[in-house]
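Shown next, in structure tokens, is the structure this report addresses.
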């Protein structure tokens, strides 16, 4: 499991290094880009950031729901494909938000910070749960709970940084 996590984090970091070529995946005339760009509320960085915050929440909790449903199936490695699909969808939707935003660079940073705030809030929640971890009964082994929370902290931190870099930091001229 640690190997999969390491490879995933390494893959995201490599994708961030090649952000310029990653931006070409979503064309400027994509239908969702045009729809977002034409919305009046999307020109406000707070509303666009709140939209991205909610979008991240829907993606995260939708993935958790699918993973919860797949617990009842005995198909090996299915959860890995679900998580891979969720990462790809998240990056594609972040690229769409990046392409749709038309504004100054400072407001783009604010948009990215508000939108990726979902993952930083989740990181804070998981960190609090990790720090206040107590056994439910005497002699309870907390290693697996602690490891799960530690991996959750790593995953949400990487997702937050990736969301901010893709949506908040820009190489194109605004």
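In table form, for the structure just shown:
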item: Rounded tilt (10° steps) of 45-70 against the dominant C-alpha axis of the chain; result: 40
item: Helix 2-17 axis, angle to the chain major axis (alpha carbon atoms, nearest 10°); result: 10
item: Correct choice for Kirkwood radius over Cα pairs in Å that was computed from the model, options (1) 20.1; (2) 18.2; (3) 17.5; result: (3)
item: Choice from 130, 119, 72 showing the highest fluctuation, given a GNM over the chain with Cα pairs closer than 10 Å; result: 72
item: Packing-based exposure ordering (other Cβ within 10 Å, fewest first) of 109, 41; result: 41, 109
item: Mean ellipticity per residue at 222 nm, deg cm²/dmol - from DSSP H runs of n ≥ 4 across the chain, formula -39500 (n - 2.57); result: -25500 deg cm²/dmol
item: Degrees separating the helix 105-131 axis from the principal Cα axis of the chain, which is the longest one; result: 10
item: Likely footprinting exposure, 54, 163, fewest C-beta neighbours within 10 Å first; result: 54, 163
item: Pair residue 3, residue 150: separation of 7 Å Cα→Cβ label points (nm); result: 1.9
item: Span from the the range 123-173 Cα centroid across to the the range 22-88 one, whole angstrom; result: 19
item: Where N is the number of residues in the range 1-83, Cα Rg divided by 2.2 N^0.38 Å; result: 1.44
item: Average Cα contact separation per residue, the chain, under 8 Å, 6 or more apart, as relative contact order %; result: 30
item: Relative packing of 7-13, 74-80, 95-101, 43-49, which averages over residues the other C-beta atoms within 10 Å, highest first; result: 95-101, 43-49, 7-13, 74-80
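FYI, it's all coordinate maths here, none of it is from the lab. Bear in mind the structure is a predicted one, so any value in this text is a computation, not a measurement. Please note: Cβ atoms are built from the backbone with ideal geometry, for glycine as well, and neighbour counts cover all protein chains shown.
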